[in-house]
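Written out below as structure tokens is the structure these notes cover.
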Amino acid sequence: MPLSKSTIQYIKSLHLRKFRQKYNNFLAEGGKIVSEILQQAPEAVEQIYAVPEWIAARQHLLSNIKTSVQEITAEELKKIAGLKTPNQVLAIVQQFNFQLNADWLQNDLSLYLDGIQDPGNMGTILRIADWFGIRQVICSPDCVEIFSPKVVQASMGAFLRVQTVEMELAEWSKNFPELPVYGAVLNGVNVFKTPLEKKGIIVIGNESKGISPENEVLLTQRISIPAPPGGGAESLNAAVATGILAAVFRNQG
């Protein structure tokens, strides 16, 4: 059955944040991401639209789920896809509602993202957290939306495994006053030569403005990644800095 105009309109609306919030759904595109969701959170998948060859090759994933699967043509997929080169399948998925895990917060590393705006950076940071076993990422309310299609794509499935929570830094720091709060700043102490806790929060600031003044006063230790002699860049990309810091913290001792 061809896609109806109303179905096409609904799917295309989910490329916009206001409609993702209205319907509490988001889009997942491409075989890798849709397959990961079917393996890890099949109950969240509301509908799948796919070309015949993708459906035929994924019967092992589709046979035991209740999700409705609609066969469509490559031309129909182009009409609803956000990718420049549509990749055989698109799924409508319910948004996940994670809660702050106080045990993780007090006994492990977490990231706090202060105003991260670039979807590519956000997705990459989630991949970094996933790689280093950082299970929780807390986002300030002005961060880019986790379920933006570009974030979902850039995360390469990490958004399924890393729990993301939206919260002000001050909101939880007052409840956990003993928790170390590290902030990545340009004039901090050398992170490679500083004893670090194996638990705590690492605050990563906005791509151009850094950590906001209201959050900077909440830091218990200011750290930085020093450039070697001859280094020419003014600053590091937020995701790159996150990767370096995560590696340093995870490899202390």
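The values are calculated or read from the model by the stated rules, or taken from the named source; none is laboratory data. This is a predicted model, so every value here is computed, not measured. Heads up, the Cβs are rebuilt from the backbone with ideal geometry, glycines too, and the neighbour counts pull from every protein chain shown.
A few points about this structure:
- Considered as a group, the residues in region 14-35 that are of a type in the set (S, T, N, Q) and loosely packed, with under 15 Cβ neighbours inside 10 Å include one that is modelled with the highest pLDDT, and that residue is ASN24.
- Enumeration of residues in region 155-186 that are within 13 Å of ALA129 (Cβ to Cβ) and assigned to a helix (DSSP H, G or I): SER155, ALA158, PHE159, LEU160, ARG161
- Selection status of ASP118, surrounded by fewer than 22 Cβ atoms within 10 Å (Cβ to Cβ), in contact (Cβ under 8 Å) with a residue 60 or more places away in the chain, closer than 29 Å to GLN9 by Cα and charged (D, E, K, R): yes
- Sub-7 Å Cβ pairs linking a first residue in region 35-56 that is in a helix (DSSP H, G or I) to a second residue that is surrounded by fewer than 14 Cβ atoms within 10 Å (Cβ to Cβ), at least 6 apart or interchain, are LEU38/ILE65; PRO42/ILE65, ordered by first then second residue.
- Failed item, numbered, when LYS84 is tested on (1) under 21 Å from HIS15 (Cβ atoms); (2) buried (at least 17 other Cβ atoms within 10 Å of the Cβ): (2)
- Hits in region 101-115 - residues which are farther than 25 Å from PHE19 by Cα and surrounded by 14 or more Cβ atoms within 10 Å (Cβ to Cβ): ASN101, TRP104, LEU105, ASP108, LEU109, SER110, LEU111, TYR112
- Residue selected from region 212-228 under the condition farther than 18 Å from VAL248 by Cβ and assigned to a loop (DSSP other than H, G, I, E, B), by the criterion farthest from the chain's Cα centre (by Cα): VAL217
- Candidates GLU46, GLU71, GLU53, GLU75: the one that is among the acidic types (Asp, Glu) and either surrounded by 14 or more Cβ atoms within 10 Å (Cβ to Cβ) or modelled with pLDDT under 90 (or both) is GLU71.
- Among the candidates GLY205, GLY183, GLY200, GLY210, residue that is in contact with a Phe, Trp or Tyr (Cβ under 7 Å, 6 or more places away or on another chain) and either surrounded by 12 or more Cβ atoms within 10 Å (Cβ to Cβ) or not assigned by TED's automatic domain parsing to the domain that holds ILE125 (or both): GLY200
- Residue match in region 76-85 (condition: touching a helix residue (DSSP H, G or I) at 6+ places or on another chain (Cβ under 8 Å), assigned to a helix (DSSP H, G or I), within 19 Å of LYS18 (Cα to Cα) and not assigned by TED's automatic domain parsing to the domain that holds ASN215): yes
- Single residue of region 160-205 satisfying the filter (out of contact with any helix residue (DSSP H, G or I) (no Cβ under 9 Å at 6 or more places or on another chain) and of a type in the set (Lys, Arg)) that is modelled with the highest pLDDT: LYS193
- In region 106-142, the residues that are under 17 Å from LEU160 (Cβ atoms) and aliphatic (A, V, I, L, M): LEU111, MET122, ILE125, LEU126, ILE128, ALA129, ILE134, VAL137
- Subset of region 135-156 [within 20 Å of GLU207 (Cβ to Cβ) and over 11 Å from the mean Cα position of the chain (by Cα)]: SER140, PRO141, ASP142
- Scanning region 92-108 for residues that are more than 16 Å from the chain's Cα centre (by Cα) and modelled with pLDDT of 95 or more turns up just one, ILE92.
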